[in-house]
Amino acid sequence: MNRLSLLKAINLILLLSLSIVFTNCSHNDEDNTTLPSIKASDFKLMISKVDDKPSANQVIIDFDVTNSSKLDYDRTKDGNYAVKFSVKTTDGTLYEKLAFIDSMNAGVTQPDYTFFFYSIGKTLDLSTISTTLIKVN
């Protein structure tokens with residue numbers, strides 16, 4: 001075998017070896033690990049006061065929201081969670097209002113309030129107040 005053929009064979013072997021090395025060392029960008037994330041069920045709600053003001057056609061609801069998980073809640077990272085308040089009038093009209101939950105650390109309770117108006121001439125049935133914790137996209 002002449003010298004030129006030997007150099008070509010060595011170059012071919014080196015090229016194939018490098019190709020195998022680079023192929024086996026390729027980086028996989030897919031990270032299949034799932035980080036724990038906060039859920040709506042991680043929040044607890046306690047209504048502390050309901051103040052119906054019929055002369056102003058509004059109701060004010062004071063409440064505490066607690067992050068009962070072991071994870072901090074960050075609205076920018078975890079998305080928006082809210083309390084959906086619902087109440088009916090004596091004639092069956094349903095009113096709803098969202099109150100967004102602010103970012104908060106694990107185990108912390110924050111006081112908050114919401115208010116909403118209802119139509120003139122309506123009478124609220126305060127026994128129908130209900131709440132739902134939801135994720136808002």
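The values are calculated or read from the model by the stated rules, or taken from the named source; none is laboratory data. Everything quoted here is computed from the prediction, not taken from an experiment. Using ideal geometry, Cβ is built from the backbone for each residue, glycine included, and neighbour counts are taken over all protein chains shown. Only protein heavy atoms, including side chains, enter the accessible area calculation; ligands, DNA and RNA are left aside. Shrake-Rupley method; radii C 1.70, N 1.55, O 1.52, S 1.80 Å.
Some notes on this structure:
- Ordering 35-45, 55-65 by mean Cβ neighbour count within 10 Å, with the highest value first, yields 55-65, 35-45.
- Per atom type, the stretch 64-130 shows carbon and sulfur on 51% of its accessible surface, probed at 1.4 Å.
- T76 contributes about 130 Å² of solvent-accessible surface, heavy atoms of the protein only, 1.4 Å probe.
- Maximal additional length on extending the L94-I120 stretch stands at 7.9 nm, based on 0.36 nm per residue less the C-alpha distance.
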